[in-house]
Structures are given as C-alpha cells and as structure tokens.
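Enquirer: Attaching a single structure in structure tokens format; questions to follow.
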Amino acid sequence: MRQRENRYLLVMVLPALIVGGAFFLLPMARLAVIGATGPTGIAAYAAVLTTPRYFEALVSTIALSVAVTATTLVISGITGVFLERNRFPGRDLLISLLTLPLAFPGVVVGFMVIMLAGRTGIIGDITELFTGRRLVFAYSMAGLFAGYIYFSIPRVILTIMAAAEKLDPALEEAARSLGARPLRVVRDVILPALTPALIASGAICFATAMGAFGTAFTLATDIDVLPIVIYTEFTLLANITIAATLSIVLGAITWLTLVASRAVAGATAAAAG
C-alpha cells in the first residue's frame, strides 16, 4: 500500500520535475558553466566586484530595488488596510484602477513615465508654466523608480488586502479599551499580524525590481542597471561569458531573497500564531 502511494505521488510530481528541470535547472546550469569556462575561467565571477562598471550597476540595482520595495510596502500597506476596512461608493472602481498596471508590459509603463516626466511630459509642462524651466527626470534613476513603483504597488496591495481581511477587529478593540493610542494599535496589533504578508510581498517586489527589463530598457538612457548591462554585454558586445556571469549573480541574489523571505515569514507567522 505504501509503495503504491509513493508511485502515485511520483506520477503526480513528475510533470513538475520535468518542467522545472527543462526550463529552470538546465538553463541555469548552462549559464553557470558558460560563466566559468570563459577566457578568465571562474575568475569571471570576481569581475562583478572588481570591474567598476559591473559593480556600480549591481549596487545601483540593489539600492533601487530596496527603495522601491520599502516605498511600495508603505503605500500598499496603508492603502490596502484602508480599502479592506472601509466600504464607500467607487471603492471597487478604485481597486480596479490601482491594479490596472498589471495589464501593462514594462515597455508601456516606461512610455507612460515618459509621458509624465519626459521632455514632453505633463510635469514638464506644469513646471515650465510656473517656473519657466522644464522638470525632466524620466530618463534618470528617479524615472526608473517611478516606473517600478507603478507596477509594484498592484502586486503588493492585493496581498495586503487579503491579509487585512483576516485581521480580528476584536484585538484592536481590546487594545483601545486598555488605553492604547491609534499608533500603538498599529504598531502592536496590525503590523505584527501583517508582517508575514509584508515580508512575502516585499520579497516578490524586490525580485521583480531586480530583474525588470522592459521599463529599464525604455527609460535607462543615462544609467546602468544589471538587466541593461546584461543585455548590452550579450547583444552589443557579444561578451557571452560576462553576460552569463551577471545573469547568475542576479538570479542568485533574487533567489536568496525569496528563500530568506519564506523562512522569515514562516517563522514570523509561527510566532504570531
């Protein structure tokens, strides 16, 4: 009986193992081999830290992703709890508008940022009207930040709303009845309950920002982020070894972030329970 159950489980899991091996493990292994068998051998991985251009791109990408994640969590956390707790006319329409960016690819998001803060953007028209000078930041790190925020908020806000739905209002009422002020209720009751969702959605937000290409390709004319550097090395310079190396580094950072978030979120949920 036991052997029959094991066979059944193997049959059920086998398709996932085949797909995972063919589309994830084999390409990653191939990239790792290409990166380690170039002219400089395994030292190519050290070039990520020793070559100023690659290192600066790595630091810029991580810093941008951290900033986007922190900002998104604050905005989505406050908005998600508010929308879940309050019912008002137009609420469903507002939620639909907030999640609308999920329907757009990165290139479209980049184009929208250009229409907002590019050389012919709305912000430039307004600032020129009042100050005589056009404010243009679409093609800088600030523009990239705005684009990443735009497509990150929908991914996080839905998770926060789902987690906020499970909050027990009785715990907040009990805290208030004991004299806790609103900020302390948020700090001691709401935030601990939302922490697993914040960690999980924050990790996904970070990983998405680290690997986003379409928006960066549209906007990043004067800045280097890792996906753009990988694209340049592979297509324009035909430096396949460095492109593979940078891809492995990028993948390793995002993977470790996701693994760590699962461990921390699981531990946090267990402690809260």
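Enquirer: Take the residues of the stretch 33-62 that are modelled with pLDDT of 80 or more and open to solvent by less than 40 Å² (accessible area, probe 1.4 Å): which is farthest from Ala209 (Cα to Cα)?
Expert: Among them, the one singled out is Ala47.
Enquirer: Still on this structure, please answer the following. For Ile228, which of the numbered conditions (1) open to solvent by 10 Å² or more (accessible area, probe 1.4 Å); (2) modelled with pLDDT under 85; (3) among the β-branched types (Val, Ile, Thr) fails to hold?
Expert: Single failed check for Ile228: (2).
Enquirer: Now for a different question. Here is a check on your reading of the model: is Phe130 open to solvent by 60 Å² or more (accessible area, probe 1.4 Å) and in a helix (DSSP H, G or I)? Break it down stepwise before answering.
Expert: Working: open to solvent by 60 Å² or more (accessible area, probe 1.4 Å): yes; in a helix (DSSP H, G or I): yes.
Yes, satisfied.
Enquirer: Would you say Phe234 is at pLDDT 90 or above, closer than 27 Å to Leu31 by Cα and of a type in the set (Phe, Trp, Tyr)?
Expert: Here the answer is no, as Phe234 does not meet what is asked.
Enquirer: From Ala252, Ala207, Ala244, Ala220, which residue is on the phi < 0 side of the Ramachandran plot and either basic (Lys, Arg) or exposed (fewer than 15 other Cβ atoms within 10 Å of the Cβ) (or both)?
Expert: Ala252
Enquirer: Return yes or no: is Ala138 in contact (Cβ under 8 Å) with a residue 60 or more places away in the chain, aliphatic (A, V, I, L, M), under 25 Å from Leu98 (Cβ atoms) and not in a helix (DSSP H, G or I)?
Expert: Yes; evaluated as a whole, the condition is true for this residue.
Enquirer: Out of (1) touching a Leu at 6+ places or on another chain (Cβ under 7 Å); (2) buried (at least 20 other Cβ atoms within 10 Å of the Cβ); (3) over 17 Å from Ile75 (Cβ atoms); (4) not aromatic (Phe, Trp, Tyr), what's the single condition that is false for Ile157?
Expert: So Ile157 meets the others, but not (3).
Enquirer: Scan the stretch 175-191 and report the pairs whose first residue is touching a residue at least 24 places away in the same chain (Cβ under 8 Å) and whose second residue is surrounded by 11 or more Cβ atoms within 10 Å (Cβ to Cβ) and not basic (Lys, Arg), with Cβ atoms within less than 7 Å and a gap of 6+ or a chain change.
Expert: Listed pairs, sorted by first residue: Ile190/Val81; Ile190/Leu167.
Enquirer: If you don't mind, another one. What pairs come out if I take residues in the stretch 256-267 that are open to solvent by 60 Å² or more (accessible area, probe 1.4 Å) and pair them with residues that are in a helix (DSSP H, G or I) and modelled with pLDDT of 85 or more whose C-beta lies under 7 Å away, six or more apart or interchain?
Expert: Leu258/Ala203; Leu258/Ala207; Val264/Ile199
Enquirer: To continue, here is another question. What is the number of the single condition among (1) open to solvent by 20 Å² or more (accessible area, probe 1.4 Å); (2) among the hydrophobic types (A, V, I, L, M, F, W, C); (3) over 24 Å from the mean Cα position of the chain (by Cα) that Val185 does not meet?
Expert: Going through the list (1) open to solvent by 20 Å² or more (accessible area, probe 1.4 Å); (2) among the hydrophobic types (A, V, I, L, M, F, W, C); (3) over 24 Å from the mean Cα position of the chain (by Cα), Val185 breaks only (1).
Enquirer: Does the stretch 152-167 include one or more residues that are touching a Ser or Thr at 6+ places or on another chain (Cβ under 8 Å), in contact (Cβ under 8 Å) with a residue 40 or more places away in the chain and among the charged types (D, E, K, R)? Steps first, please.
Expert: Filtering the stretch 152-167 for residues touching a Ser or Thr at 6+ places or on another chain (Cβ under 8 Å) gives 152-160.
Narrowing further to those that are in contact (Cβ under 8 Å) with a residue 40 or more places away in the chain: 152-160.
Imposing the further condition that a residue be among the charged types (D, E, K, R) reduces the set to 155.
So far as the stretch 152-167 goes, yes, one or more of its residues are touching a Ser or Thr at 6+ places or on another chain (Cβ under 8 Å), in contact (Cβ under 8 Å) with a residue 40 or more places away in the chain and among the charged types (D, E, K, R).
The values are calculated or read from the model by the stated rules, or taken from the named source; none is laboratory data. Just so it is clear, the model here is predicted, and its values are computed rather than measured. FYI the Cβ positions are ideal-geometry reconstructions off the backbone, even for glycines, and counts take in every protein chain you see. These area figures cover heavy atoms from the full protein model, side chains too; ligands, DNA and RNA do not enter into them. Shrake-Rupley method; radii C 1.70, N 1.55, O 1.52, S 1.80 Å.
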